[in-house]
1. How do 27-34, 41-48 rank on mean C-beta neighbours within 10 Å, highest first?
2. Calculate, in nm to one decimal, what H30 and E73 gain on full extension: separation in residues at 0.36 nm each, minus their alpha carbon distance.
3. Once you have the Cα-Cα distance between Y38 and V97, take 0.36 nm times their residue separation minus that, and quote the gain in nm to one decimal.
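Just so it is clear, none of the values below were taken in a lab; they were calculated from the coordinates. Keep in mind it's a predicted model, so treat the numbers as computed, not measured. Cβ: placed from backbone, ideal geometry, glycine included. Neighbour counts: every protein chain shown.
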Amino acid sequence: MSGRSQMTTMNGKRPSSIPSRHQSETVAQHFDLIKYIYDSWNTVSRELDMCHNQPHGNSSNYRNGASVTYYQEREPNPQLKDFEPFNLEAWWGQRVVQSITRNANS
């Protein structure tokens, strides 16, 4: 029986809870993607700030003629009159609470 318990657990963990090499690579790829998006957004934000801080007429000279343009509609789109922004942070919070509640009831 002791031989079987050694086969099913390793350092107190079940084999299914030990991340596979594929899972580790996938997590690393996700972190790389998140870092890319984060860095790209920060670059665009800095460029937008620099364009706003330059005197009018010189913003197109930023970085070899490239500039960031922020689009904002002058009049609201009638098709979006009932639009409500989605609060992703609140949604994730609700999911975490539901998960904890489900696990506590199990």
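1. 41-48, 27-34
2. Details: separation 43, 0.36 × 43 = 15.48 nm, distance 3.38 nm.
My answer for the length gained is 12.1 nm.
3. Separation in residues times 0.36 nm, less the Cα-Cα distance, equals 18.5 nm.
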